[in-house]
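Encoded as structure tokens, the structure appears first; notes follow it.
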Amino acid sequence: MTTRDAWDPGQYDRFAAERRQPFVDLLALCRPVPGGTIVDLGCGPGGLTVELHRALGAAHTTGIDLSAAMLAEARERWEEEYGDPARLLRPEEPRKRQHQRRSD
């Protein structure tokens, strides 16, 4: 069963300033952990994911979002910034991989 992806990265970015302020407030409470791991649930189009990775000095960052369109945009932004593919997942992807491993 396929569901239509109603999330539009362009529309989402029109309200970037409003979305950014809570991010800035939460980031102010975090201490950098160089070499750490970040998991960004609901990473959207990835702009704040890239910024979070940089600000906290993470070695590994995983972005998770339900929207394939948002993840596609996040991948582009990540590759522009870092030149390599990011670990960006839809929630059902890890389960599919686990199931495939069990049946091998």
Across segment 32-47, which residue is farthest from residue 72 (Cα to Cα) among those that are surrounded by 12 or more Cβ atoms within 10 Å (Cβ to Cβ) and of a type in the set (A, V, I, L, M)? 33
In segment 67-89, anything loosely packed, with under 14 Cβ neighbours inside 10 Å and part of a loop (DSSP other than H, G, I, E, B) is listed as 83, 84, 85
Just wondering, is there one or more residues in segment 21-33 that are under 22 Å from residue 89 (Cα atoms), part of a helix (DSSP H, G or I) and of a type outside the set (D, E, K, R)? yes
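Bear in mind that the values in this text are calculations on the coordinates, not laboratory data. Not measured: the values here are computed from a predicted model. Positions of Cβ are generated from backbone atoms using ideal geometry, with glycine treated the same way; all protein chains shown enter the neighbour counts.
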